[in-house]
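**Student:** Starting off with a structure, shown below.
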Amino acid sequence: FSQPEKTSVLVRGLQQSRAVSNCSLVDDYRHQQLEQMKKRLGEYGEPLMVGEYKQLRMMFDSGCPAMFWLFAHTDGLYDLQDVIQRKLRGKQSGDGAEVVGIGVGSMVLARYSVDKAVYRAKVEEVIEGELFSVRYIDYGNRDDTLTKDDIYPWDEMLEIIPPQAVPCCFYKASEAISKKTSLNLKEMEAFTLLMKQSSPMQMDVHKRNNLALDVFDPSVHQLGPDLVVSLRGKDGRDVLHKLSKLPAFATCFSQKTQQLEKVEPIAVVPTVKAMKQLEALQPHVPMRAVPHPLHLDDADLAHDIGDDPPSPVHPMFTSRAVEKVMSWL
């Protein structure tokens, strides 16, 4: 190489080295920033596990009694969204068309069609490779009308923060509630209003059905609730108990009572052998003779003279019979 060419190669090498170094510095800074954010989230900076969450933080987003989505309403959640928005600042449209292998289960950053902001999401459905349905993992809501321009590549560093939304079901709910996956309009309005008015809520986690952080695994699909929970609204009352008082759900809770009413008599009805044993324990009571019909004293009884219809009773006999009955009473 000539001297100018050598200089040019050295300059390009230095520029590339600086670029790599700058990227490394940026990544280190972002990693530290997310780790600090995780600490600020406190107990919500870790996957939600069995235990009691006493702070009024859990907000209802959507769902039905069989499976509903709650998210932790914290300042850290706003900090996380601020990091994501700054990361994609200046990008008016996504580059989903360039993302290789995007499909059901893929983690992405997706624009929300309502506020046009970008959030962490998981693809739940792809329609003809053009339209995407995603679940926003920090709120629990879903968008079914996204195009490739609304999809951005996933950033694995964001997995430092666990999903802030989680699908739940009620603890000790009747089968009519735990399997109620579809609601009519009246039931949906009543359930949504109750959950919204009760939020923010305290939460007791009684059971975790799936492994924590499975949501980041593309091969894992959401088939049911992750947590079995009891909820107390900001008024301190149990949310499932309040649900049982709603007229729209009266049949769901009365069904359990009706089933109990049908089952209990079967358990307490004694067998024939048991009845005989009980009767043997009772003292013997002599049968009493049938009382004499006083109202027929001194009355001439009619005699059956055949199969012909009986003739009407003479008024005199009727009057005397009434008098006897009155004196007997």
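**Student:** Has region 54-77 got at least one residue that is open to solvent by 70 Å² or more (accessible area, probe 1.4 Å), more than 22 Å from residue 211 (Cβ to Cβ) and under 18 Å from the mean Cα position of the chain (by Cα)?
**Tutor:** The answer is yes, given that some residue of region 54-77 is open to solvent by 70 Å² or more (accessible area, probe 1.4 Å), more than 22 Å from residue 211 (Cβ to Cβ) and under 18 Å from the mean Cα position of the chain (by Cα).
**Student:** Can you find a residue in region 168-178 that is out of contact with any strand residue (DSSP E or B) (no Cβ under 6 Å at 6 or more places or on another chain), open to solvent by 60 Å² or more (accessible area, probe 1.4 Å), of a type in the set (Lys, Arg) and not in a loop (DSSP other than H, G, I, E, B)?
**Tutor:** no
**Student:** Is there a residue being at pLDDT 90 or above, in contact with a strand residue (DSSP E or B) (Cβ under 9 Å, 6 or more places away or on another chain), on the phi < 0 side of the Ramachandran plot and surrounded by 21 or more Cβ atoms within 10 Å (Cβ to Cβ) anywhere in region 141-148?
**Tutor:** Taking every residue of region 141-148 in turn, at least one turns out to be at pLDDT 90 or above, in contact with a strand residue (DSSP E or B) (Cβ under 9 Å, 6 or more places away or on another chain), on the phi < 0 side of the Ramachandran plot and surrounded by 21 or more Cβ atoms within 10 Å (Cβ to Cβ).
**Student:** Taking region 206-233 as the region of interest, how many residues are in a loop (DSSP other than H, G, I, E, B) and loosely packed, with under 14 Cβ neighbours inside 10 Å? Even if it seems obvious, please write down each step before you answer.
**Tutor:** Taking region 206-233 first, the residues in a loop (DSSP other than H, G, I, E, B) are 209-213, 217-226, 233.
After this cut, where a residue has to be loosely packed, with under 14 Cβ neighbours inside 10 Å as well, the list is 209, 211, 213, 217, 219, 221, 223-224.
Matching residues across region 206-233 total 8.
**Student:** Continuing with the same structure: Please go through region 106-123 and pick out each residue that is surrounded by fewer than 17 Cβ atoms within 10 Å (Cβ to Cβ) and of a type outside the set (Ser, Thr, Tyr). Don't jump to the end; show me each part of the working.
**Tutor:** Pass one, region 106-123, residues surrounded by fewer than 17 Cβ atoms within 10 Å (Cβ to Cβ): 113-117.
Result: 114, 115, 116, 117.
The values are calculated or read from the model by the stated rules, or taken from the named source; none is laboratory data. The structure presented is a predicted model; accordingly, all values stated were derived computationally and were not measured. Quick reminder, even Gly has a Cβ in these numbers, built from the backbone with ideal geometry, and neighbours come from all protein chains shown. When the accessible area is computed, the model is the full protein with side chains, heavy atoms only, and any ligands, DNA or RNA have been set aside. Shrake-Rupley method; radii C 1.70, N 1.55, O 1.52, S 1.80 Å.
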